[in-house]
Structures are given as structure tokens and as C-alpha cells.
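The values are calculated or read from the model by the stated rules, or taken from the named source; none is laboratory data. All values reported here derive from a predicted model rather than from experimental measurement. As a convention, Cβ positions derive from the backbone with ideal geometry for all residues, glycine included, and neighbour counts pool all protein chains shown.
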Amino acid sequence: MDIREYSKHFELESKHFWFKGRRAIISKRLEHIVKNKNIKILDGGCGTGGNSSCLADYGIVFGIDNSRVAIQFAKNQNKKLLVSTIEDLPFKRNAFDIIVLLDVLEHIDLENPALVTIKKTLKNKGYLIITVPAFNFLWSSHDKASHHKRRYTYATLKKTLQQAGFRIEKLSYMSFFLFPFICMIRVMRNFCFLKKTTSDLVPTNNMLNNVLTSLYYIEAWLLGHISFPFGTSLLCIAKK
């Protein structure tokens, strides 16, 4: 991403419904996983650091990102940071109990080498938590501005992780409630050839933002009991 997108992320991560909702979903999953809060967590592709405070509720958080611009922003949230790629993690084997990749895998050219490196860096029986964008028909200027390489389906993400040697414990679509609206907007925009040069990440009216955040909170609770058949993103909990 360019500096404009990083600036938007930094400005909006604490309050925008998408970021708040994703953190709620991840927090609920961590509540079920984490038994000892002295564990080590790696925030892979940490971006501007908006997830650090959430992850810090469950363990000691380290962050890496391949962008020096992102790391400079992230230093406001976390001091345990390094500039690094996912494919070349500068840590010893079995260093982390949990590795989190939140909307990161879609940025990587070759998934398998990166996932193999992640697996080596995870402790035995450690967890990998992933979110990725879903469905190629939702591809838009948002993906281009965010420098995405691909979007995923349930089947393609499952296959990618299993080929890297992970055992999947939870795999579900997310952003289920907003799917019809986002789908309609993306498809209409593509059909009408409306071009943008920036992502869809924009400030939202406070009342609407609160309503949409509440929908994600409901979704976070439901994901503890069911899996959704479709959504704009995918959530996966996998184990080494």
C-alpha cells in the first residue's frame, strides 16, 4: 500500500466498524484458545498496529511488517517491532504460541513458502489465525489500491493451508450480514466501469458506524456456534 492508505488505516483503525468488528471476532476466538496469558503472539503483517492492544490482552505481542512506513505508525501501539517479510521471519523455530495474519496472505506472491516458514516459527500445537478477502467476483479498485494478489473461497483457503501442513479447526466466511450490500455495490461499480484509485476505507457516520459495529459483535458471538455459508471475508483457525 502507499502512504495514503497507511495514513487512512492509522486514522481509522481505532473507530471504523470494519476494524472494530474484525477485532471483536478475533478476540472471541482468542478467548477460546488462550489459557495462559504469558504466551507469545506474532502479529504478522501488523500494518499500522491497530490490533496490538487487542492482542496484548492475550499475550506478549511482537509485530512485523515489510513496510517501514507501516512500522513507523505501529510504534505508537507496540515497541516490539521489526521490518521483515512473512517469507523470511527473523525468529527461531518454535518461537510463538500464536501467529496472526489479518488480511495479509492475499498480499503475498507465493503462499506456500510463507506458510511453511510460519509453521516452523510456531510452537508444536500452536495456532495460526487468518482472515482474508473472499470471492473473486468481489474484486474491485479496493483490491488494487490495497495491492491484493487474490481473493479466496472456502475451498481454496482450506486447500492452501492443508497443503502447508496445517490442521484446520475453524473455517467460516465472515462479514456475513453486510455481504448483500457490499456485493451489490462492488458488482454495480464493476458493471458500470466506475473507476477509483483508492480503497473503500472511508470515515463513516457515527450512528451508521455504531450499527454496523453491532452487527459484527453479533457475528463474533455467532461464530462461536456456527459457520457462515458466505461473506466478504474468511476466518480460519488452524493448528500446527
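Would you pick out the residues in region 71-95 that are touching a strand residue (DSSP E or B) at 6+ places or on another chain (Cβ under 9 Å), within 23 Å of Ala24 (Cβ to Cβ) and among the hydrophobic types (A, V, I, L, M, F, W, C)? Ala74 - this is the single residue of region 71-95 that is touching a strand residue (DSSP E or B) at 6+ places or on another chain (Cβ under 9 Å), within 23 Å of Ala24 (Cβ to Cβ) and among the hydrophobic types (A, V, I, L, M, F, W, C).
Report yes if some residue within region 142-152 is at pLDDT 95 or above, assigned to a strand (DSSP E or B) and either charged (D, E, K, R) or under 19 Å from Ala114 (Cβ atoms) (or both); otherwise report no. Checking region 142-152: at least one residue is at pLDDT 95 or above, assigned to a strand (DSSP E or B) and either charged (D, E, K, R) or under 19 Å from Ala114 (Cβ atoms) (or both).
Look at (1) assigned to a loop (DSSP other than H, G, I, E, B); (2) of a type in the set (Val, Ile, Thr); (3) without any contact (Cβ under 8 Å) to a residue 40 or more places away in the chain and you find that Val61 fails only one, number (1). Answer yes or no as to whether Val69 is touching a residue at least 12 places away in the same chain (Cβ under 8 Å), part of a strand (DSSP E or B) and aliphatic (A, V, I, L, M). Against the criterion (touching a residue at least 12 places away in the same chain (Cβ under 8 Å), part of a strand (DSSP E or B) and aliphatic (A, V, I, L, M)), Val69 does not qualify.
Among the residues here, Asn112 qualifies as assigned to a helix (DSSP H, G or I), more than 21 Å from Cys54 (Cβ to Cβ) and of a type in the set (S, T, N, Q). Residues that are acidic (Asp, Glu), closer than 22 Å to Leu234 by Cβ and at pLDDT 95 or above within region 66-116 comprise Asp103, Glu106, listed in sequence order.
The set of residues in region 161-184 that are surrounded by fewer than 16 Cβ atoms within 10 Å (Cβ to Cβ), of a type in the set (A, V, I, L, M) and at pLDDT below 95 contains only Met184.
Residues being crowded, with 19+ Cβ neighbours inside 10 Å, of a type in the set (Asp, Glu) and touching a helix residue (DSSP H, G or I) at 6+ places or on another chain (Cβ under 9 Å) are represented in region 131-146 by at least one member. Leu208 falls short on exactly one of the conditions (1) within 22 Å of His9 (Cβ to Cβ); (2) in a loop (DSSP other than H, G, I, E, B), and that condition is (2). For beta carbons closer than 6 Å, sequence separation of 6+ or different chains, a first residue in region 98-121 that is of a type in the set (Val, Ile, Thr) and a second that is assigned to a helix (DSSP H, G or I) and surrounded by fewer than 24 Cβ atoms within 10 Å (Cβ to Cβ), the qualifying pairs are Ile108/Ala114; Thr117/Glu87.
Is it true that some residue in region 199-213 is modelled with pLDDT of 95 or more, over 12 Å from Gly21 (Cα atoms) and under 17 Å from the mean Cα position of the chain (by Cα)? The answer is no; no qualifying residue exists.
Name the one entry in Gly21, Gly49, Gly44 that is of a type outside the set (Phe, Trp, Tyr) and on the phi > 0 side of the Ramachandran plot. Break it down into steps so the answer makes sense when it comes.
Working: Gly21 fails: on the phi > 0 side of the Ramachandran plot; Gly44 fails: on the phi > 0 side of the Ramachandran plot.
After ruling out the rest, the residue left standing is Gly49.
Set side by side, the residues Leu208, Leu212, Leu223, Leu235 differ, and just one is closer than 22 Å to His148 by Cα and either surrounded by fewer than 12 Cβ atoms within 10 Å (Cβ to Cβ) or touching a residue at least 40 places away in the same chain (Cβ under 8 Å) (or both), which is Leu235.
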